[in-house]
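> Mind looking over this structure? Questions follow.
The values are calculated or read from the model by the stated rules, or taken from the named source; none is laboratory data. Note that the coordinates shown come from a computational prediction; the quantities given were computed from them, not determined experimentally. Virtual Cβ from ideal backbone geometry, glycine too; neighbours counted across all protein chains shown.
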Amino acid sequence: MAPFRWAPNRFGLPWAGMHGLPPGQVSAPGMDSSAHRFRRFSRSTADRHAQTRDDKKSMNIGPAILALALCPLSLLGGCASIAQVPAEEEVSSGQKPATVPTALTPPMEMHSPVDLDVTALQRDVEAVVADLQSNHDGKMYSAAVKGADPDDLAIAVVLVDGRVLGAGNTAARFPLMSVSKPFTYALAVEQRGAEFMLERIGVSATGLPYNAVAAGAVRRSTEQNPMVNAGAIATHSYIEGASAADKSRAVVDFYSRMANQPLSIEEAWRATPRALTFTLAYQMQAAERLVGDVDDAVNRYLESNIVAVRVDELAQMGATLASGGVQPVSGQRVLEHETVRAVLSAMVTAGMYEDSGRWWVRVGVPAKSGVSGAIVAVVPGWGAIVAYSPRLDAAGNSVRASLAIEQLVQRWRLHSVDRLLGRKN
């Protein structure tokens, strides 16, 4: 049977390492020119040879089984079309190669930002803000920063082509808090590699609150997730730099590149670390998942939490992930594809804490929340939606921000499974 290869989707998102192509060849003859944007993994030549052999062996299975097995991987990047390339012996023998049912090649063109009616999208954003104004459910975070207004509500949308929408109190500034976690993890993955960070921190959901000591004590594994506090603190210990100040500056500069705006730490929001924060840090150090000085890692973690942003700036950061690592306005490549894939996958597993599974079923887009009341949701190949409202539910997620994003995703049919299946109504 002929080997199968993934073809690039319409946004040119790379699927390097899954093609089963000869070492050094990044596209097959006749493939769309966007395939030439595929990048090789940073591995040795011997590793690439071994991976190629393994990929070819794993691909020699029936078309239906292959499609069902691999299509779920495309939920985070838009389903790439499946192209069958006939084996040499089948071509020479004149045997007609089998074809994959067209139902497994969803029409992703319907989601192109270029074709969107932005005026209609803006009306939707305004309608959602108006609908949620009377919702006062939830409570403010007990350690909310001074000046936070519980009645604030703002939404911003940034498309991968750079267009920006917004409604509500979009001028409100708030601390990133835990929304900083995926972006810090992105920098660590860029510096250390996805596999390294996966082994050192882990990525599985804990099923427990974001600050639970039990997550590293009662489970059989000490593995954490970079989207919860223990994993995020340990992630900061892997940020590279000559000094603590250099590492902190590298994180803020990295955030700024993604936001396409200079961001900074708001000193007025600096607070004394809680004992629980150090408990989590020492727990990770004991498990050999945090390196270096504990105080340094904790301090830099807390500093990343009080970087000040507006919804539009945070949406720019999310849209950089949505565009495969390219900042939509500046056009600068900030992240490699492998990093984006690792970050969005981690956001799916634990970005909304113990409600992540429910979020994935109801909303179906990678997202990260923070106790300041912000949520950033990333729609790969489309854009990012950010909502901010300080009142939280029991899991620590903003009540109105969650509802706002859920309503917009439903209006715009952005659930990842809907996109995979090509649902239009």
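> Given the condition in contact with a strand residue (DSSP E or B) (Cβ under 9 Å, 6 or more places away or on another chain) and among the β-branched types (Val, Ile, Thr), answer yes or no: does some residue in segment 181-198 qualify?
no
> Test each condition in (1) closer than 16 Å to residue 407 by Cα; (2) of a type in the set (A, V, I, L, M); (3) exposed (fewer than 14 other Cβ atoms within 10 Å of the Cβ) for residue 125 and report the one that comes out false.
(3)
> Of (1) outside any loop (DSSP other than H, G, I, E, B); (2) of a type outside the set (Lys, Arg); (3) crowded, with 17+ Cβ neighbours inside 10 Å, residue 295 satisfies all except one. Which?
Every listed condition holds for residue 295 apart from (3).
> I need the helices (runs of 4 or more DSSP H) fully contained in segment 349-425, keeping only those with at least 1 residues that are farther than 26 Å from residue 204 by Cβ and either at pLDDT 95 or above or small (Gly, Ala, Ser) (or both).
Numbers: elements: 356-362, 399-412, 416-421.
Because the criterion is at least 1 residues that are farther than 26 Å from residue 204 by Cβ and either at pLDDT 95 or above or small (Gly, Ala, Ser) (or both), the helices (runs of 4 or more DSSP H) in segment 349-425 that meet it are 399-412.
> Could you say whether any residue in segment 324-344 is in a helix (DSSP H, G or I) and free of Cβ contacts under 8 Å to residues at least 40 places away in the same chain?
First pass over segment 324-344, keeping only residues in a helix (DSSP H, G or I): 337-344.
Narrowing the set further to residues that are free of Cβ contacts under 8 Å to residues at least 40 places away in the same chain leaves none.
Checked against the condition, which is being in a helix (DSSP H, G or I) and free of Cβ contacts under 8 Å to residues at least 40 places away in the same chain, segment 324-344 yields no hits at all.
> Filter segment 134-155 down to residues that are polar (S, T, N, Q) and surrounded by 12 or more Cβ atoms within 10 Å (Cβ to Cβ), then give me how many there are. Quick ask: steps written out before the conclusion?
Restricting attention to segment 134-155, the residues satisfying the condition of being polar (S, T, N, Q) are 134-135, 142.
Now drop any that are not surrounded by 12 or more Cβ atoms within 10 Å (Cβ to Cβ), which leaves 135.
Of the residues in segment 134-155, 1 are polar (S, T, N, Q) and surrounded by 12 or more Cβ atoms within 10 Å (Cβ to Cβ).
> Examine segment 371-388 for a residue that is more than 13 Å from the chain's Cα centre (by Cα), free of Cβ contacts under 8 Å to residues at least 60 places away in the same chain and under 29 Å from residue 270 (Cβ atoms), and state whether such a residue exists.
So far as segment 371-388 goes, no, none of its residues is more than 13 Å from the chain's Cα centre (by Cα), free of Cβ contacts under 8 Å to residues at least 60 places away in the same chain and under 29 Å from residue 270 (Cβ atoms).
> Is one or more of the residues making up segment 270-289 touching a strand residue (DSSP E or B) at 6+ places or on another chain (Cβ under 6 Å) and touching a residue at least 40 places away in the same chain (Cβ under 8 Å)?
no
> Could you identify the single residue in 204, 248, 243, 256 that is at pLDDT 85 or above, surrounded by fewer than 24 Cβ atoms within 10 Å (Cβ to Cβ) and farther than 19 Å from residue 297 by Cβ?
Just one listed residue meets the conditions, 256.
> Something else now. Any residue in segment 222-235 that's basic (Lys, Arg): show its pairings with residues that are at pLDDT below 90 at Cβ separation under 9 Å, as long as the two are six or more apart or on different chains.
If the second residue must be at pLDDT below 90, no pairs are left.
> State yes or no: is residue 119 surrounded by fewer than 19 Cβ atoms within 10 Å (Cβ to Cβ) and β-branched (Val, Ile, Thr)? Before you say what the answer is, go through the steps one by one.
Values: surrounded by fewer than 19 Cβ atoms within 10 Å (Cβ to Cβ): yes; β-branched (Val, Ile, Thr): yes.
Criteria met by residue 119.
> Which numbered condition in (1) over 25 Å from residue 339 (Cβ atoms); (2) more than 26 Å from the chain's Cα centre (by Cα) is the only one that residue 292 fails?
The number of the failed condition is (1).
> Same structure again: What are the residues in segment 296-331 that are under 18 Å from the mean Cα position of the chain (by Cα), over 20 Å from residue 241 (Cβ atoms) and polar (S, T, N, Q), if any?
316, 320, 323, 327
> Any idea which of (1) modelled with pLDDT of 95 or more; (2) more than 19 Å from the chain's Cα centre (by Cα) is the one residue 282 doesn't satisfy?
Going through (1) modelled with pLDDT of 95 or more; (2) more than 19 Å from the chain's Cα centre (by Cα) one by one, residue 282 breaks only (1).
> Does residue 308 qualify as being part of a strand (DSSP E or B) and in the same structural domain as residue 253 (by TED's automatic domain parsing)?
Answer is yes for this residue.
> Against the definition (buried (at least 24 other Cβ atoms within 10 Å of the Cβ) and within 15 Å of residue 182 (Cα to Cα)), how does residue 375 come out, yes or no?
So residue 375 fits the description; yes.
Residue-by-condition table, conditions (1) outside the structural domain of residue 373 (by TED's automatic domain parsing); (2) surrounded by fewer than 21 Cβ atoms within 10 Å (Cβ to Cβ); (3) closer than 25 Å to residue 395 by Cβ; (4) aliphatic (A, V, I, L, M):
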| position | (1), (2), (3), (4) |
| --- | --- |
| 285 | no, yes, no, no |
| 321 | no, no, yes, yes |
| 324 | no, no, no, no |
| 330 | no, yes, no, no |
| 333 | no, yes, no, no |
| 347 | no, no, yes, yes |
